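Read the figures in this text as sums done on the coordinates, not as results from a lab. Keep in mind that what you see is a predicted model, and the values were worked out from it rather than measured. Quick reminder, even Gly has a Cβ in these numbers, built from the backbone with ideal geometry, and neighbours come from all protein chains shown.
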Amino acid sequence: MDAEHWFARLRAPDCTPADKRAFERWKTADPEHAADYQDVEQLYEQSLALQSDPVIAAATRTALRRRASLPSMRWLGRLVVPVAGLFALVAVALFVWPLLSTPTIAEAHYSTRVGERLSIVLADGSTVLLDTASSVAARVGAGERSVRLLAGQAQFQVIHNDKIPFTVNVGTGTIRDIGTQFSVRTEDARVTVTVSEGAVSVSDSGPDGARQRSDQLQPGDQLVFSETGVLWEKHKVDVKLAGGWITGDLAFADESLGAVVHEMNRYTAAQIRVGDPRLNELRVSGVFHAGDQQSFVLALQSGWPVRSEQDSAGRITLLPQ
């Protein structure tokens, strides 16, 4: 990417922190890059000062109609001042203004509250199922298919398109579809990608913005990585267990009670508290309906050495029997 494109990219409404880090790496990689960028900035500032001049305005309109080829930006910077002023505006109009003014696909935002699920059909026919307390921002249209997972969890059923890849961005990671069904979850700076059909490629740029790790996942693969760059673990999972939330039934196999309570609490405002730390490591297996805390507690009391207390505000505390 050259100086003119970086100038436009940094002023685009969807410019990301990763873009800014990449720009800094590009600028420091070669002294000429910094000089080129400075030239573009100076020409842009000159153009703002000259845009009210009727002669220059007419020249700009003519240049835009003809799309005339011009010498490099560096050569223009060495012209005498009167000519530089004229060409500055024309050059910026030709090379920078079209980039800044190119219509972009509107980003659509979707979210769910605690206990809700939402199914979304995107413009390309792909579907997104949002889990409880989740949100995404989607930009899908001509030439682009990208979704940002901002919070929570989502399942993606993607319509394959060889020409336009489908990407999901979360934290420092990017998941690229290769024709598949998969889910992505983000929580506490940790990202979990689970593939149920097809395949996806996953890459993580790491905390410093330099792409560091990548892998390809097949059905039954689950990858967990951290935005800090420390964690990167790939393993096999039971797809039905991992995807139980899709139907509203949360399945657990030999999970700690603390982890099970945490997951059940995600789906309702009626929170359960573990009153004795020793209970957190109690192993639990079973299928429990998301949001049904009363049935969950009754099941625990029937199958495990657990009792419960409920205060006047309806808060439930688990205690040893």
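Report, for segment 257-321, the % of DSSP beta bridges that are antiparallel, rounded to 5. Walk me through the intermediate numbers first.
Working: 5 of 8 bridges.
The answer is about 60 percent antiparallel.
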Sort all Cα-Cα distances of segment 101-234 into consecutive 10 angstrom bins from zero, then give the percent of pairs in each bin up to the one containing the longest distance. 13, 45, 35, 7, 0
Treat each spin label as a single point 7 Å out from the Cα along the C-beta direction, and report the Asp238 to Asp215 distance in nm. 2.1 nm
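Relative contact order (percent) for segment 211-321, with alpha-carbon contacts under 8 angstrom and 6 or more residues of separation? If you can, show how the numbers build up before the last one.
Values: 145 pairs, mean separation 23.0, N = 111.
Relative CO of segment 211-321 lands at 21 percent.
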Ile159 paired with Arg113, simple spin-label distance in nm, labels 7 Å along Cα-to-beta-carbon: 3.2 nm
Name the aspartates and glutamates eligible as straight-distance cross-link partners of Lys163: C-alpha to C-alpha under 14 Å, and not fewer than 8 places from it in the same chain. Asp124, Glu144, Asp177
